[in-house]
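The values are calculated or read from the model by the stated rules, or taken from the named source; none is laboratory data. Being a predicted model, the structure only gives us computed values, none of them experimental. As a convention, Cβ positions derive from the backbone with ideal geometry for all residues, glycine included, and neighbour counts pool all protein chains shown.
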Amino acid sequence: MPELELRAPCLYIDARRKGNTSRLINSSCDPNCETQKWHDASTGEVRVGIFATRDIPPGEELVYDYFFSTYGVHKHAPGSFMCMCGSKNCRMLTSAPNKPMSPRRGEGSR
């Protein structure tokens, strides 16, 4: 699992040294996936999973909004970036939402 690091003032997932292929999924303002935080009951670890929000046909790129709702954080991310996802719903400039999410409780089998 990628390390969680605290760098004032934001919490983020560091997948530079460790992680899986989900770290290669691109961002989009019209995502077909979403992030969900859940607790793995078998290990006690907190995990972030990426799940489809609709049926995705073979060959379609998996994408999610990098600025998903933050978990327990009520402030906007300190930075933004220019989005070039090409979606008709593209925001052009991204910033994190101000809406916290609560984690799911799971058996670790997701």
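What the table shows:
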read-out	value
Region 28-45 residues that are within 12 Å of Asn89 (Cβ to Cβ) and without any contact (Cβ under 8 Å) to a residue 40 or more places away in the chain, paired with ones that are surrounded by 17 or more Cβ atoms within 10 Å (Cβ to Cβ) and not β-branched (Val, Ile, Thr) (beta carbon under 7 Å, 6 or more apart)	Pro31/Tyr64; Pro31/Asp65
Matching residues in region 44-84 - criterion: being at pLDDT below 90, in a strand (DSSP E or B) and not β-branched (Val, Ile, Thr)	Arg47, Gly49, Phe81, Met82
Restricting region 1-43 to residues that are part of a strand (DSSP E or B) and exposed (fewer than 10 other Cβ atoms within 10 Å of the Cβ), the residue that is modelled with the lowest pLDDT	Leu6
